[in-house]
Amino acid sequence: MGCNLLIESIKKIQQEYLMLLRKYESFDVDGVYSIQNECQIFWLRHKREIDFFINNYPYEFDTCVFIGGMYLNVASKSLYPFLTFGKKHLVDDPVALLSTNGSKEYFAEYLKLAIADDIDIIQNHSDQVLILPLSYLFVDKELCEIGAKNSFWHLFPEEGMNEDEYGRRFHSLDEVIECIGEERGQCLFLKYEKTTLKERYLEHLDSLGFPVLDGKDCVMQFYGMCMGLFLQTMVVMTFCTHYWVFPFIRDHSLFGCFCLLMKNMLKQKEFAKLKTSLNKAVVLKLFYGLFEYEELENLDDYLKMLNDSKFETIVFNRMQEENVECCESGSFAKVNTVLIEEMHKRNIPCVV
């Protein structure tokens, strides 16, 4: 009863938000910043109700969240993998989250896509997914920035690395990468299939359309790109560990950093319960990589099949029976084996 009342109160807020978003299905580029401000103010007006909801709705890692990304992109059938694991599902509102860095035209393009995605979710999938300003209202940005900086400095073998020492010591990209080394830098820019850190980084710059700078400028450019990745990771980690939820991570680079930092946390006994969040995040990410969900046409039929066949329960029961822990070396291959076998049993489209 209590949970139903919580959901109904949030759904009323969602419907109000839908009315606001519909006003901006089309807009002039010059209005982009005021639109985002209006949406942020809307969420701030409802902060008390949302705060109560967030502190009472998720329960012991039963909730999957999409946070730290741009927008879910429901039109591309991303709900199929997102809804496969977890009893409850929350999406971080991309309209409140989108960074205003870059050109106004670039921001306007993504704002239109984010608004369209929000409207689709609230209008057509509100029984399965709730949109809330998770990182805008519930993540300490300053704390995340401190964590991101510490994560970057820990890439270097020497203790005591900081901004002053980094700027003084290094004069080229090659010097920075040589000091970090391939082993410590293996978590960086994993979305690219190049062998070396430098190759992956240069491909990352190219994908963003950024030129490679020279000398000291290149050194600081590398710092900025890594900070962006670690900051995104800290947002995901901070929310998931505080509210005991697990993330849906599609990006290889973000996933690599998340796994690295979570494994470091799990070395401390007081964080042992967070192993569930890592396990579920890994399983969902590997499932996402195997799942050819574009072939499916009916989401309701797919979800009914998952429920009737107890797909999620059986996958995690098998992992427990086979002592598969995602924080251990070689575990990803074991998880893949379990997933592939269970997907084949249910005729879930699979790349293998």
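Put +1 on the Cβ of each Lys and Arg and -1 on the Cβ of each Asp and Glu in the chain; which of 36, 131, 305 then has its Cα farthest toward the positive end of the dipole?
305
Rounded to the nearest 20 Debye, what is the dipole magnitude of the range 84-173 about its Cα centre when Lys and Arg each give +1 and Asp and Glu each give -1 at the C-beta?
In debye, rounded to 20, the range 84-173 gives about 100.
Nearest 5 percent is fine: what portion of the DSSP beta bridges confined to the chain is antiparallel?
Of the beta bridges lying entirely in the chain, close to 10 percent run antiparallel.
Enumerate by residue number the GluC sites (Glu not before Pro) in the range 17-100 meeting two conditions: DSSP loop (anything except H, G, I, E, B), and at most 12 other Cβ atoms within 10 Å of the site's Cβ.
25, 60
Step through the residues of the range 295-304 one at a time and calculate ³J(HN,Hα) from phi using the Karplus curve (6.51 cos²θ - 1.76 cosθ + 1.60, θ = phi - 60°), rounding each to whole Hz and writing x for Gly and Pro.
6, 8, 10, 10, 5, 4, 5, 5, 5, 5
Using 1/(1 + (r/R0)^6) with R0 = 41 angstrom and r between the beta carbons of residue 346 and residue 116, what's the FRET efficiency to the nearest 0.05?
Here the calculated transfer efficiency is 0.80.
Out of 221, 241, 202, whose Cα points farthest toward the positive end of the dipole of the range 164-292 (charges: +1 Lys, Arg; -1 Asp, Glu; placed on Cβ)?
241
Does the range 44-147 come out rounded, prolate or oblate by the C-alpha gyration tensor, with a ≥ b ≥ c the root eigenvalues, rounded set by a/c under 1.5 and, if not, prolate when a/b is larger than b/c and oblate if not?
Cα axes put the range 44-147 in the oblate bin.
In whole Hz, with x marking every Gly and Pro, tabulate ³J(HN,Hα) for the range 172-177 from phi via Karplus 6.51 cos²θ - 1.76 cosθ + 1.60, θ = phi - 60°.
With coefficients 6.51, -1.76 and 1.60, one gets 8, 4, 4, 5, 5, 5 Hz.
Tell me what the chain gives for mean residue ellipticity at 222 nm when only DSSP H runs of n ≥ 4 count, each as -39,500 (n - 2.57), the sum divided by the residue total, rounded to 500 deg cm²/dmol.
Numbers: 17 runs with 220 residues, N = 352.
Helices in the chain give a 222 nm mean residue ellipticity of -20000 deg cm²/dmol.
Residue 213 to residue 154: extension gain in nm, 0.36 nm per residue of separation minus the Cα-Cα distance?
Gain on stretching residue 213 to residue 154: 18.8 nm.
Which of the aspartates and glutamates could a cross-linker span from residue 334 if the Cα-Cα distance has to be under 13 Å and same-chain partners fewer than 8 positions apart are dropped?
The reachable aspartates and glutamates, counting only those whose Cα sits under 13 Å from residue 334, are 321, 322, 325, 342.
Calculate what fraction, in whole %, of the accessible area of the range 201-352 sits on carbon and sulfur atoms when a 1.4 Å probe is rolled over the protein chains.
It is 53 percent, rounded to a whole number.
For an R0 of 51 angstrom, estimate the FRET efficiency from the Cβ-Cβ distance between residue 310 and residue 141 and round to the nearest 0.05.
0.80
Label point 7 Å out from residue 303 along Cα-to-Cβ: which residues of the range 11-29 have amide N under 20 Å?
Backbone N within reach: 11-16, 18.
So which of 77/141; 47/88; 149/267 end up more than 23 Å apart, counting from Cα to Cα?
Those over the limit are 77/141.
What FRET efficiency comes out for residue 332 versus residue 59 if R0 is 30 angstrom and r is the Cβ-Cβ distance? Round to the nearest 0.05.
Efficiency computed from Cβ-Cβ geometry: 0.65.
When only alpha-carbon atoms are used, what values of Rg and Dmax, in angstrom, describe the chain?
21.0, 62
Apply the Karplus parameterisation 6.51 cos²θ - 1.76 cosθ + 1.60, with θ equal to phi minus 60°, to every residue of the range 155-164 and state each ³J(HN,Hα) to the nearest whole Hz, in sequence, with x for glycine and proline.
Calculated HN-Hα couplings, in order: 6, 8, x, 7, 6, x, 5, 8, 4, 5 Hz.
So for the range 192-237, Kirkwood radius off the Cα pairs, Stokes-Einstein at 10 °C and 1.306 mPa s: how many µm² s⁻¹?
139 µm²/s
Quick check: pseudo-label points 7 Å beyond the Cα along Cα→Cβ at residue 70 and residue 268, how many nm apart are they?
Each label point is offset 7 Å from its Cα along the Cβ direction, giving 3.5 nm.
For the range 132-201, which GluC sites (Glu not before Pro) are in a loop by DSSP, counting at most 12 other Cβ atoms within 10 Å?
158, 159, 193
Counting other Cβ atoms within 10 Å of each Cβ, which GluC sites (Glu not before Pro) in the range 256-301 have at most 10 and sit in a DSSP loop?
Within the range 256-301, the qualifying GluC sites (Glu not before Pro) (loop, at most 10 other Cβ atoms within 10 Å) are 297.
Please give, to one decimal in nm, the separation of the simple spin-label points placed at residue 195 and residue 77, each 7 Å out from Cα toward the Cβ.
3.6 nm
Using a Gaussian network model on the chain with a 10 Å cutoff between Cα atoms, which of 319, 234, 161 fluctuates the most?
Sorting by GNM fluctuation, first place goes to 161.
List the residues whose amide H sits under 5 Å from the amide H of residue 131, counting only those 5 or more places along or on another chain, with H placed 1.01 Å from N in the peptide plane.
Residues meeting the criterion, in which the H sits 1.01 Å from N, are 91.
Run the paramagnetic zone check for residue 9: 7 angstrom along Cα to Cβ, then residues of the range 77-112 with backbone nitrogen under 15 Å.
none
The values are calculated or read from the model by the stated rules, or taken from the named source; none is laboratory data. Treat the numbers as computed from the prediction; the structure is a model and nothing was measured. Using ideal geometry, Cβ is built from the backbone for each residue, glycine included, and neighbour counts are taken over all protein chains shown. These area figures cover heavy atoms from the full protein model, side chains too; ligands, DNA and RNA do not enter into them. Shrake-Rupley method; radii C 1.70, N 1.55, O 1.52, S 1.80 Å.
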